[in-house]
């Protein structure tokens, strides 16, 4: 494999997994936000 | 139970992926070692994983229309979102390969454009869901878009046979392609399986979030009822 080919193959593999990792991280952040929101709403209900 | 399934799928996916990477980079015959061909081993399975997700979303949407059970709508939304991530992988890896093989990042040929319209359609599906507040109206409209989107999926799948344009013709033997040497085809299917395992993990996480969202909504209703 020539260095140029390696560059493209590596770029392809990296891009593929980067997209999935970014999506997984965004899911994780969303989950954390939802859990916080759930705690907040639970406290609100308990206070009432 | 759900956690166990999630971790099992993640471990199977990782093991398959490691084995496949080894095979793709070190074991495959010399023919696979030209023109950045290895990208195909991620490009094609990503498309297959996305299509599998869109078909599952179609089934869930049809079930929602038949039963009006919002659980199916939530399932369709979760699976579509994950499938769209894999469709993005398919488009991005395709563009990188195109830059190497054709010298351009993109060509407006029927095969590439049909996949882009498919991606845009499902992205539109997710945007539509954010735009409608009322759950049953959102679910009904989303279900119709999902069903319509799946017609597009069938078109994309057949486009590489129907249109003789810049995108390579089918190479897999299941599509009467026959363009790959012996032993070169199997890693595509194993990578598809690995990606399906990862998609399964992401769908489980996404469904857990849907459950939390529903709980938040019901607590809010309860709070407003006081």
Task: Residue within segment B:198-220 that is in a helix (DSSP H, G or I), closer than 30 Å to residue B:100 by Cα and more than 14 Å from chain A (Cβ to nearest Cβ) present - done: no
TODO: Could you list, in sequence order, all residues of segment B:64-105 that are without any contact (Cβ under 8 Å) to a residue 12 or more places away in the chain and facing chain A (nearest Cβ under 9 Å)?
DONE: B:92, B:95, B:99
Open item on the list: When you check residue A:37 against the structure, is it more than 14 Å from the chain's Cα centre (by Cα), within 16 Å of residue B:208 (Cβ to Cβ) and part of a helix (DSSP H, G or I), yes or no?
Closed with: yes
TODO: Would you point out which residue out of A:42, A:48, A:32, A:4 is surrounded by fewer than 11 Cβ atoms within 10 Å (Cβ to Cβ) and either within 7 Å of chain B (Cβ to nearest Cβ) or closer than 16 Å to residue B:82 by Cα (or both)?
DONE: A:48
- [ ] Please tell me if residue B:130 is within 14 Å of another protein chain (Cβ to nearest Cβ), out of contact with any strand residue (DSSP E or B) (no Cβ under 6 Å at 6 or more places or on another chain), exposed (fewer than 14 other Cβ atoms within 10 Å of the Cβ) and in a helix (DSSP H, G or I).
- [x] yes
- [ ] Could you tell me whether residue B:195 is touching a helix residue (DSSP H, G or I) at 6+ places or on another chain (Cβ under 6 Å), within 13 Å of chain A (Cβ to nearest Cβ), surrounded by fewer than 19 Cβ atoms within 10 Å (Cβ to Cβ) and assigned to a helix (DSSP H, G or I)?
- [x] no
TODO: Consider residue B:160 carefully, then state whether it is assigned to a helix (DSSP H, G or I) and free of Cβ contacts under 8 Å to residues at least 12 places away in the same chain.
DONE: no
- [ ] Check residue B:118 against each of (1) surrounded by 21 or more Cβ atoms within 10 Å (Cβ to Cβ); (2) more than 17 Å from the chain's Cα centre (by Cα) and name the one condition it does not meet.
- [x] (2)
- [ ] Go through the residues of segment B:112-123 one by one and say whether even a single one is under 23 Å from residue B:71 (Cβ atoms) and modelled with pLDDT of 90 or more.
- [x] yes
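The values are calculated or read from the model by the stated rules, or taken from the named source; none is laboratory data. What you see is a predicted model; the values in this text were computed from it and never measured. Note that each Cβ is placed from the backbone with ideal geometry, even for glycine, and that neighbours are counted across all protein chains shown.
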